[in-house]
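A.B. asks: Structure below; questions to follow.
The values are calculated or read from the model by the stated rules, or taken from the named source; none is laboratory data. Just so it is clear, the structure is predicted and the values come from calculations on it, not from any experiment. Backbone-built Cβ (ideal geometry, glycine too); neighbour counts: all protein chains shown.
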Amino acid sequence: MTAYLFEFIGTAMLILIGNGIVANLVLKETKGADLGWVGISMGWGMAVFIGVFISADGSGAHINPAVTFGLSIAGKFSWDLVPGYIICQILGAMMGNLLVWLTYKKQYESTQDTDAILATFSTSPAIRSPFWNMVTEIIGTFALVFGVFFIAGGSVGEETISLGSIDALPVALLVIGIGFGLGGPTGYAINPARDFGPRLLHAILPIKNKGKSDWRYAWVPIVGPFIGAVIAAMAFMALH
């Protein structure tokens, strides 16, 4: 239960800081409208740093179903824990975005742009092309999970590997690099819980002018990251 709790807390902190930065950028009447893409990429890196640092000792700091799935594929994490981890990650993501909504409640009420409101919950593509959007998510998640294997110090003979607090900074730098290098086409979800949980919350909350939750696109940031994680796990195993 401790591991599940810290996956919930770590993911909640990830989304609170990450989507909080998005809200500060895109909503009306905030003081962060000039953050730009550099601010987004740096901010999500800091969000990952905080989420990993908090949850590292309690759960191994997956805070991402794709990471959990990839580690399990490679035999580095127990399959018995996977469902509970993913559920806690989704619930944590919803809690984190609920706190974003409460923080920016007045700004949400002042914002008329439905796309901007949705952007504070979930990702969307710059050019809508589901197949190529999925390819982008596959590549971005491959980079994340493949990097995590080596940052966590995985080696032959270890039954499990997990991130420790010392790994928080390199993982954050990896996410910043993914944001700068690969994030433009889709907004780099690279984390099914990060997109699905907040998108579900968007559909539930009584947000003024919120528009639709774009469920037609929602499968892309779920399927793409899982495929990317599988490829990363296979590549890691091939090298070991």
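Yes/no per residue for (1) under 20 Å from S72 (Cβ atoms); (2) at pLDDT 95 or above:
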position	(1), (2)
R128	no, yes
G153	yes, no
E158	yes, no
S165	no, no
V175	no, yes
G184	no, yes
V220	no, yes
A229	yes, yes
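A.B. asks: Sticking with this one: Just checking, does the range 184-193 include any residue being surrounded by fewer than 18 Cβ atoms within 10 Å (Cβ to Cβ) and touching a helix residue (DSSP H, G or I) at 6+ places or on another chain (Cβ under 9 Å)?
C.D. replies: To start, the set of residues in the range 184-193 that are surrounded by fewer than 18 Cβ atoms within 10 Å (Cβ to Cβ) comprises 184-185.
Next, from what is left, pick out any that are touching a helix residue (DSSP H, G or I) at 6+ places or on another chain (Cβ under 9 Å): 184-185.
For the range 184-193, residues surrounded by fewer than 18 Cβ atoms within 10 Å (Cβ to Cβ) and touching a helix residue (DSSP H, G or I) at 6+ places or on another chain (Cβ under 9 Å): present.
A.B. asks: Restricting the search to the range 216-234, which residues are of a type in the set (A, V, I, L, M, F, W, C), crowded, with 16+ Cβ neighbours inside 10 Å and touching a residue at least 40 places away in the same chain (Cβ under 8 Å)?
C.D. replies: Of everything in the range 216-234, those that are of a type in the set (A, V, I, L, M, F, W, C), crowded, with 16+ Cβ neighbours inside 10 Å and touching a residue at least 40 places away in the same chain (Cβ under 8 Å) turn out to be A218, V220, F226, I227, A229, V230, I231, A232, A233.
A.B. asks: So, one more: Select from the range 110-140 the residues that are without any contact (Cβ under 8 Å) to a residue 60 or more places away in the chain and part of a loop (DSSP other than H, G, I, E, B) and write down the one among them that is farthest from P185 (Cα to Cα). Can you show your working first?
C.D. replies: Going through the range 110-140, the residues without any contact (Cβ under 8 Å) to a residue 60 or more places away in the chain turn out to be 127, 129, 131-132.
Keeping just the survivors that are part of a loop (DSSP other than H, G, I, E, B) gives 127, 129.
Values: I127: 7, S129: 10 Å.
Top of the filtered list is S129.
A.B. asks: Among the candidates R216, R199, single out the residue that is within 15 Å of the chain's Cα centre (by Cα) and either more than 26 Å from G75 (Cα to Cα) or of a type in the set (S, T, N, Q) (or both). Working first, answer last.
C.D. replies: Details: R216 fails: within 15 Å of the chain's Cα centre (by Cα).
Sole residue among the options that is within 15 Å of the chain's Cα centre (by Cα) and either more than 26 Å from G75 (Cα to Cα) or of a type in the set (S, T, N, Q) (or both): R199.
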